[in-house]
1. Assess whether residue 213 counts as being touching a residue at least 24 places away in the same chain (Cβ under 8 Å), in contact with a helix residue (DSSP H, G or I) (Cβ under 6 Å, 6 or more places away or on another chain) and more than 14 Å from residue 260 (Cα to Cα).
2. When region 235-263 is examined, which residues are found to be in contact (Cβ under 8 Å) with a residue 24 or more places away in the chain and more than 17 Å from residue 94 (Cβ to Cβ)?
3. Considering only residues that are out of contact with any helix residue (DSSP H, G or I) (no Cβ under 9 Å at 6 or more places or on another chain) and not in a helix (DSSP H, G or I), look in region 239-263 and name the one that is modelled with the lowest pLDDT.
4. Of the residues 95, 146, only one is assigned to a loop (DSSP other than H, G, I, E, B), in the same structural domain as residue 202 (by TED's automatic domain parsing) and surrounded by fewer than 20 Cβ atoms within 10 Å (Cβ to Cβ); which?
5. Give the residue that is surrounded by the fewest Cβ atoms within 10 Å (Cβ to Cβ), with candidates limited to residues of region 211-225 that are assigned to a helix (DSSP H, G or I) and modelled with pLDDT of 95 or more.
6. How many of the residues in region 226-236 are assigned to a loop (DSSP other than H, G, I, E, B) and surrounded by 14 or more Cβ atoms within 10 Å (Cβ to Cβ)?
């Protein structure tokens, strides 16, 4: 663990009691002992140095000090501290545990929002499931996000949103910035990724928001690409082999983030 995400109930108090799965992970999985330290981050993004003060049965107490008052503690955090783009991933639903894999990898890369999308070619029909089943799956994805942030040390507070219909993408995005959709077929008006994103970065800065739309295993339907183009999204051709949906998401996010963070 490179980073421990402090619970929303933490507001700078000098000590914090941790119980349940978090306490078990700290004391049994990581095997941290009394007196050992780790780095924490609160809901506002501030870093804290945490010391294991007390260990009990299924609980432990952390002593909390602002990071600037102490030296670095356990695992090193990423060296890069510069600006990062605010990337929103609109990911069409995939079969099995592929969505979980995409959520984990997108979190590690640094997407700020992950929005599951019901599209025409999705095998899964999320809106046909019971409300409690959808909520349970969202909770599992949120737990995966927390684990990925803690492992990677990401500075981005990634959030998984409730699923939406494909037709709701334009209104959700609200034309807040550059919107891209990636595909494997040549379409009229397609753009080069590097030039498109680099020009956007030069005009709006490295922290500007970017939306990335990735289709399901069956790809995007023609009427869906038309909808996106009419909403101002730019078509980007993946100039590679045919990629799986989970591979395409990682490829697109990594490429966009790399171009946006280049000096």
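1. Values: touching a residue at least 24 places away in the same chain (Cβ under 8 Å): yes; in contact with a helix residue (DSSP H, G or I) (Cβ under 6 Å, 6 or more places away or on another chain): no; more than 14 Å from residue 260 (Cα to Cα): yes.
So residue 213 does not fit the description; no.
2. 235, 236, 237, 254, 255, 256, 257, 259, 260, 261, 262, listed by residue number.
3. 263
4. Numbers: 146 fails: assigned to a loop (DSSP other than H, G, I, E, B).
None of the others qualify; the one that does is 95.
5. Our first condition is that a residue be assigned to a helix (DSSP H, G or I); within region 211-225, this holds for 222-225.
Filter once more, keeping what is modelled with pLDDT of 95 or more: 223-224.
Details: 223: 11, 224: 22.
Only one residue fits best here, namely 223.
6. Taking region 226-236 and keeping what is assigned to a loop (DSSP other than H, G, I, E, B), we get 231-233.
Now restrict to residues that are surrounded by 14 or more Cβ atoms within 10 Å (Cβ to Cβ): 231, 233.
Residues in region 226-236 being assigned to a loop (DSSP other than H, G, I, E, B) and surrounded by 14 or more Cβ atoms within 10 Å (Cβ to Cβ): 2 in total.
Condition check ((1) outside any strand (DSSP E or B); (2) at pLDDT below 85) across all residues:
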{"residue": "9", "(1), (2)": "yes, no"}
{"residue": "12", "(1), (2)": "yes, no"}
{"residue": "17", "(1), (2)": "no, no"}
{"residue": "26", "(1), (2)": "yes, no"}
{"residue": "40", "(1), (2)": "no, no"}
{"residue": "53", "(1), (2)": "no, no"}
{"residue": "61", "(1), (2)": "no, no"}
{"residue": "77", "(1), (2)": "yes, yes"}
{"residue": "84", "(1), (2)": "yes, no"}
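The values are calculated or read from the model by the stated rules, or taken from the named source; none is laboratory data. Since this is a predicted model, take the numbers as computed values, not measurements. Here Cβ is always computed from backbone atoms with ideal geometry, including for glycine, and neighbour counts include all displayed protein chains.
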